[in-house]
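Below is one structure, written out as structure tokens, with a few remarks after it.
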Amino acid sequence: MSGTVDPTIINLVVFVLAVFVGYHVIWNVTPALHTPLMSVTNAISSVIIVGAILAAAPTETDFGSILGVIAVALASINVAGGFLVTQRMLEMFKRKQPKDKESGK
Amino acid sequence: MSANQLTLWYLIASVCFILALKGLSSPTTARRGNLFGVIGMSIAVLTTLAVVARGRVDLILIAMLVGGSVGAIVARRVQMTQMPELVAAMHSMVGMAAVLIAIAVVNNPAAFGEHDPLPAGNRLELFIGTFVGAITFSGSVIAFGKLAGLGKKFRLFSSAPVVFKGQHLLNLALALVMIGFGVAFFLAPDKAWTPFLVMTAIAFVLGVLIIIPIGGADMPVVISMLNSYSGWAAAGIGFSLNNSMLIVAGSLVGSSGAILSYIMCKAMNRSFFSVILGGFGAAEGSAVAGGEQKTVRSGSADDAAFLMANAESVIIVPGYGLAVARAQHAVKEMANKLIEKGVSVRYAIHPVAGRMPGHMNVLLAEAEVPYDQVFEMDDINNEFGNTDVVLVLGANDVVNPLAHEKGSPIYGMPILEVAKARTVLVNKRSMAAGYAGLDNPLFYMDKTMMVFGDAKKVVEDIVKALD
């Protein structure tokens, strides 16, 4: 065995381990928070904005970099929208100070 | 910044994303988790901006400002009842961004630090990321239309399944042709625009065709599935750009969506494939028209108020009808009145109630219902036997006792055992069948009283009667 490891193999290692981490973390999410889970994963998958920034960056503007700029805008909608709407929902789940009349039985 | 430094920053961002998801294991840690998500995203964006500092950062910042403002405005204005539509719309953004980036990669691999022309291995990864992204985009657009109720204007968005003869065969053929062009793109020696673009176009069409036959109440599965796809698309792009953070974030999201789809399918006792193949609600209406006339007992909101006020314990079962009528605040008010009278009030939530996972929980949280009054199906199903009154608000299939009868289409689906309670109050707009097109024996039981009308109106009338 000799030589360096192909980047694709390293990517595969990262991928498989990340799927395992995801699997175990997600099963622990409480069902009550499944909607915030969807909105926050939406925001997280918009990390694709990293690729969009690279696409948009070249100084020589051609149609590829214009598509990149559009992709940056689309992903930004998700980044901002996803995290903010998740925050808004989670605020609603904040435990209210138990008032006497609401304590129930 | 060196490539090593960049990768280390990306590692930190990836860990932040994992912590963001971990936080959601409890409502008390969830907000801190969200903060981790924001930190991770900021690190990812800032380090990448530092890498391209000599490029058109001005254009990028403008695009971020525009997109970010739109996102912020939408996030602030959206109603909680519209969350399923919003989530579908956001999935489509990720899908479209993946496709646009892929085109840019084919056009100019050097901008991404890749060889020009792109090596074959990266082309294969790019092909996968692109078609998944394209399917995510067009599929989410259809899902958005169905959820937003655009079906009246465009048949394509009809919430009833859109089915035609040879549909599955057509999908299969298109998928094979798409893969064929993908392979051609992979094998081509140079920039192979034609196979790439044809493959992408077919993927867009496939996304539409896959989602149109799936009906309204299967939406929780569809929306989780598209959530999953958007993650895999990001991971695919990460592979072709050799970007570990994109791979990690994409895999997290992909497995999250896959697990949610699994949970939703299990809660309907349906296999993933039977949902995807669709057409379940096709018999809607016809099943109701036939059959002998059975009698139901119906009562007014005053009767319902009287029954609940004199009960010791009440369980409220919310369904999609509650979301449609936006009755969550009225329900909270009613519950408060009952609690003041010394009645114990709890809520029972079926996993597929509503149009997306956790839909009912968010609506109740919006109305400031304390979450210790809200119970998941498995935690409350044993309690119905010693409950005086159950109030079913706009739910149907999830409380249908036919699920216990062999041979019925929903046999084996776990349901909320409301029929075990002493009295059952059911609010519905009419006697129309639920999504599954099945009659519901619950409505004809002696202990059941139907209260017809819009959920919000009925609950408000109950509140008045309780005064």
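What follows draws every value from the coordinates through simple rules; no lab data is involved. Being a predicted model, the structure only gives us computed values, none of them experimental. Note: ideal-geometry Cβ built from the backbone for every residue, glycine included; neighbour counts use all protein chains shown.
How big is the dipole moment of the stretch B:288-347 about its Cα centre under a simple scheme where the beta carbon of each Lys and Arg is +1, that of each Asp and Glu is -1, and everything else is neutral? Debye, nearest 20, please. Can you show the working numbers first?
Numbers: 7 positive and 6 negative charges, 33 e Å.
Here the size comes out at about 160 debye.
Taking 22 Å as R0, compute the FRET efficiency from the Cβ-Cβ separation of residue A:17 and residue B:8 and round it to 0.05. Display every interim value, and only then the final one.
Numbers: r = 17 Å, r/R0 = 0.78.
According to the calculation, E is roughly 0.80.
Exactly which trypsin sites (Lys or Arg not before Pro) in the stretch B:383-451 are in a DSSP loop and have at most 16 other Cβ atoms within 10 Å? Can you show the working numbers first?
On the way: sites: B:406, B:420, B:422, B:428, B:429, B:447; in loops: B:406, B:422, B:429, B:447.
For trypsin sites (Lys or Arg not before Pro) across the stretch B:383-451 that sit outside H, G, I, E and B with at most 16 neighbouring Cβ atoms in 10 Å, the list reads B:406, B:422, B:429, B:447.
For the stretch B:68-154, what does the equivalent ellipsoid look like in terms of its semi-axes, each the square root of 5 times an eigenvalue of the Cα gyration tensor, given largest first in whole Å? Present the calculation step by step, with values, prior to reporting the outcome.
Details: eigenvalues 216, 47, 14 Å².
Value: 33, 15, 8 Å, ordered largest first.
If you build the Cα gyration tensor of the stretch B:308-467 and take the root of 5 times each eigenvalue, what three semi-axes come out, in whole angstrom, biggest first? Mind showing how you got there, number by number?
Numbers: eigenvalues 103, 54, 50 Å².
Ellipsoid half-lengths, sorted descending, are 23, 16, 16 Å.
Against the longest principal axis of chain B, how steep is helix B:328-340, in degrees 0 to 90 to the nearest 10, with axes from Cα atoms?
Relative to chain B, helix B:328-340 is tipped by roughly 40 degrees.
Just from the alpha-carbon atoms, what are the Rg and Dmax of the stretch B:90-235 in angstroms?
Both quantities, over Cα of the stretch B:90-235: 16.1, 50 Å.
Per residue of A:5-18, what is the mean number of Cβ atoms on other protein chains within 10 angstrom of that residue's Cβ? It would help to have the intermediate numbers written out before the result.
Values: counts 0, 1, 5, 8, 0, 3, 12, 2, 2, 12, 10, 2, 3, 15.
Mean partner-chain Cβ count within 10 Å for A:5-18: 5.
In the stretch B:379-448, what is the volume of the convex hull around the alpha carbon atoms, normalised per residue and reported in Å³?
Numbers: hull volume 6.1 nm³, N = 70.
Residue-normalised Cα hull volume stands at 87 Å³.
Relative to 2.2 N^0.38 Å, what does the C-alpha radius of gyration of chain B come to as a ratio? Two decimals please. It would help to have the intermediate numbers written out before the result.
Values: Rg = 25.1 Å, N = 467, 2.2 N^0.38 = 22.7 Å.
Ratio of Rg to 2.2 N^0.38 Å for chain B: 1.10.
Taking 0.36 nm per intervening residue step and subtracting the Cα-Cα distance, what contour gain separates residue B:57 from residue B:379 on full extension? Present the calculation step by step, with values, prior to reporting the outcome.
Working: separation 322, 0.36 × 322 = 115.92 nm, distance 5.28 nm.
Extending this stretch completely gives an extra 110.6 nm.
Mean residue ellipticity at 222 nm from the helices of chain A, using -39,500 (n - 2.57) per DSSP H segment of n ≥ 4 over the full residue count, to the nearest 500 deg cm²/dmol?
Details: 4 runs with 71 residues, N = 105.
It lands at -23000 deg cm²/dmol.
So what's the back-of-envelope 222 nm ellipticity for chain B, counting only DSSP H runs of four-plus at -39500 (n - 2.57) apiece and dividing by all residues, rounded to 500?
Estimated from H runs of four or more residues: -19000 deg cm²/dmol.
What is the pair-distance distribution P(r) of the protein assembly as shown, computed from all Cα-Cα distances in 10 Å bins starting at 0, with each bin given as a whole percent?
4, 18, 27, 23, 15, 9, 4, 1, 0
Quick one: if the Förster radius is 60 Å, what FRET efficiency do residue A:9 and residue B:368 give, using the C-beta to C-beta distance and rounding to 0.05?
Numbers: r = 52 Å, r/R0 = 0.86.
Step by step, r from the Cβ atoms, then E = 0.70.
If one takes the longest principal axis of the Cα atoms in chain B, at what angle in degrees, from 0 to 90 and to the nearest 10, does the Cα axis of helix B:167-187 lie?
Between the helix axis and the principal axis of chain B, the angle is about 20 degrees.
Indicate the helices, whole DSSP H runs only, in chain A that combine a mean Kyte-Doolittle hydropathy of -1.0 or more with a Cα extent along their long axis of 20 angstrom or more.
Numbers: long enough: A:7-27 (30 Å, 2.00); A:63-92 (44 Å, 1.44).
Membrane-span-like by this rule: A:7-27, A:63-92.
Which listed residue (B:161, B:100, B:130) has the Cα farthest towards the positive end of the charge dipole for the stretch B:76-167, taking +1 on Lys and Arg C-beta and -1 on Asp and Glu C-beta about the Cα centre?
B:161
How tilted is helix B:27-51 with respect to the longest principal axis of chain B? Cα atoms for both, answer in degrees (0 to 90, nearest 10).
Taking the Cα atoms of chain B, the angle to B:27-51 is about 20 degrees.
How many Cβ atoms of partner chains, on average, are near each residue of B:136-147 if near means within 10 Å of its Cβ?
On the way: counts 1, 1, 0, 0, 0, 0, 0, 0, 0, 0, 0, 0.
Per residue, the number of nearby Cβ atoms from other chains is 0 on average.
Per 5 Å bin from zero, what fraction in whole % of the C-alpha pairs of the stretch B:378-417 is there, up to the bin with the longest pair?
That works out to 5, 22, 27, 26, 14, 6, 0, in percent per bin.
Evaluate the distance, in nm, between pseudo-label points positioned 7 Å from the Cα of residue B:444 and of residue B:110 along their respective Cα→Cβ axes.
Here the modelled spin labels are 7.6 nm apart.
On full extension of the chain, what length is gained from residue B:179 through residue B:303, given 0.36 nm per residue of separation minus the C-alpha to C-alpha distance? Before the final figure, lay out the partial values.
Details: separation 124, 0.36 × 124 = 44.64 nm, distance 6.18 nm.
Going from the current span to full extension adds 38.5 nm.
Starting from the 7 Å offset along Cα-to-Cβ, what nm value, one decimal, do you get for the label separation of residue B:169 and residue A:61?
In this crude label model, residue B:169 to residue A:61 measures out at 5.1 nm.
Mind checking the mean number of beta-carbon atoms from other chains within 10 Å of the Cβ atoms in B:356-364?
Values: counts 4, 7, 11, 3, 2, 10, 11, 2, 3.
For this peptide, the per-residue mean of nearby foreign Cβ atoms is 6.
Sequence-distant or interchain residues sharing an amide H contact under 5 Å with residue B:375, placed H: which?
Under 5 Å from the amide H of residue B:375: B:347, B:348, B:349.
Kindly rank B:335-344, B:15-24 from highest to lowest mean number of other beta carbons found within 10 Å of each residue. Can you show the working numbers first?
Numbers: B:335-344: 17.9, B:15-24: 23.2.
Ranking, from highest mean packing down: B:15-24, B:335-344.
Please list, by residue number, every one of the chymotrypsin sites (Phe, Trp or Tyr not before Pro) in the stretch B:132-169 that is coil in DSSP and has at most 14 other beta-carbon atoms within 10 Å.
Numbers: sites: B:137, B:144, B:154, B:157, B:164; in loops: B:154, B:164.
Qualifying residues, ordered by number: B:154, B:164.
Would you mind checking the radius of gyration and Dmax of chain A based on alpha-carbon positions, in Å?
20.8, 73
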